[in-house]
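No lab work stands behind these numbers, since they all come straight from the coordinates. A quick note: this is a predicted structure, and the numbers were derived from the prediction, not measured. Please note: Cβ atoms are built from the backbone with ideal geometry, for glycine as well, and neighbour counts cover all protein chains shown.
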Amino acid sequence: MSYTQTEIIDNFGVITFNREDKRNALSAALIHDLIESFDFMERNKVRVVILRASSRVKCWSAGHDVSELPTNSTADPLRYSDPLELGIRAIRKYPAPVIAMIHGTVWGGACDMAVNCDMIIGDPTCTFAITPAKLGVPYNPSGILHFLNRVPLNIAKEMFFTALPIDAVRAESVGIVNHIVPEAELEAYTYNLARHICQQSSESIAVMKEQARIIADSFPINPETWEYIQELRRKVYQGEQYNEGVRAFLQKRVPNFV
Ligand code: LCV
């Protein structure tokens, strides 16, 4: 079974999450299939990719598969080679626009994945929550930078510190989403936007996307500061609050961080 479904319509592609029983939680297996789907699209020279969930779901994606987070170990829960990070980098490096088409709620690492798509088109049901504080996860510097490149610092802090969902109206006003359209029009609007982009120069768009990625990532940090950040994060992911946060989630209870 594949955890993503792929389709090519005209000359744009559609990748649909296919793990509804676990609310499209981003497991290593789903990310593997997602990256395979992007490779398939690139082999077929697809000029826009739409990333979506089925229109029948209430949750676009529940984020990182918490059951796969390392506990009681020295492993960084968001290491460079973590499947979620591989999936996000596949989107950022795909040589054409990736548009997130969002009906339903978006959580945690899926919110990071969505803001790394080149555009987000949502409907009034879409909400966005970044949730490390709920689990005790010390989010990683690249993930924090993704949000700082999307919303003002105070909004990013509110999202990270409260772990509360931002609704569609607020998501549009702070710039998380490009457009909010009525639920019944979401697919047609997004697919037509993809068709329009497919008529533009794919070479020009590819080189502008790659430049934007490089420039957005250019964030001067000297090696000592990098080591300081890693030390700070290591103390948290090897600490009790993180292990309690993951345990509580898996035991379906509220964590006790006091
Ligand atoms: C594994 C899940 C998940 C899930 N993993 O359905 O950003 S960070 O740092 O926090 C990062 C580490 C991260 O992304 O962490 C994950 C953050 N995600 C969340 O906090 C969302 C957690 N999920 C929920 O709040 C609910 O599942 C929502 C509101 C998404 C859907 O609620 P609903 O009542 O419709 P259930 O909660 O009953 O979930 C259905 C099945 O999906 C599993 C969940 O354990 C359940 O499995 P079982 O049927 O086996 O009990 N599931 C949901 N989210 N992130 N598994």
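List the chymotrypsin sites (Phe, Trp or Tyr not before Pro) in segment 13-90 that DSSP assigns to loop (not H, G, I, E or B) and whose Cβ has at most 15 other Cβ atoms within 10 Å. Which are they?
Filter output for segment 13-90: TYR80.
Given H placed 1.01 Å from N in the peptide plane, which residues other than close sequence neighbours of ILE166 have an amide H under 5 Å from its amide H?
Under 5 Å from the amide H of ILE166: PHE128, ALA129.
What do you get for the angle between helix 83-93 and the principal long axis of the chain? Use alpha-carbon atoms, 0 to 90 degrees, nearest ten.
40
Provide the net charge surrounding ASN256, with neighbours chosen by a C-beta distance below 11 Å and charges set as Lys +1, Arg +1, Asp -1, Glu -1.
Its environment carries a net charge of 0.
Cross-chain or 8 or more residues apart, Cα under 29 Å: how many lysine pairs in the chain fit that? Count them up, please.
20
Between ILE31, ILE102, ILE197, where does the largest GNM mean-square fluctuation fall for the chain, given springs only between Cα atoms within less than 10 Å?
Comparing ILE31, ILE102, ILE197 in a Gaussian network model of the chain, the most mobile one is ILE197.
Out of all DSSP beta bridges in the chain, what portion is antiparallel? Express it as a percent rounded to 5.
Bridges in the chain are about 25 percent antiparallel.
Indicate, rounded to the nearest 5 percent, the antiparallel portion of the DSSP beta bridges found entirely in segment 1-105.
40
Taking amide H positions as placed in the peptide plane 1.01 Å from N, state which residues far from HIS64 in sequence (5 or more) or on other chains have amide H under 5 Å from it.
Under 5 Å from the amide H of HIS64 lie the amide H atoms of LEU26, GLY109, ALA110, each far enough along the sequence or on another chain.
Only Cα pairs under 8 Å and at least 6 apart count here; give the relative contact order of segment 4-185 as a rounded whole percent.
That works out to 19 percent.
Can you tell me the orientation of helix 240-250 relative to the chain, as the angle in degrees between its alpha-carbon axis and the longest Cα principal axis, to the nearest 10?
On a 0 to 90 degree scale, this one is about 50.
I'd like the orientation of helix 186-198 relative to the chain: the angle between its Cα long axis and the longest Cα principal axis, in ° from 0 to 90, rounded to 10.
70
Using a Gaussian network model on the chain with a 10 Å cutoff between Cα atoms, which of SER202, SER142, SER81 fluctuates the most?
Answer for the Gaussian network model of the chain: SER81.
By count of other Cβ within 10 Å, fewest leading, how are ARG79, ARG247 ordered?
By the 10 Å Cβ count, ascending, the order reads ARG79, ARG247.
HIS179's amide H: which non-local residues (gap 5+, or another chain) put their own amide H closer than 5 Å, with H modeled 1.01 Å from N in plane and none for Pro or chain starts?
Correct list: ILE120, GLY122.
Taking the chain as a Gaussian network, Cα atoms linked when under 10 Å apart, which of THR74, THR125, THR105 shows the biggest mean-square fluctuation?
THR74
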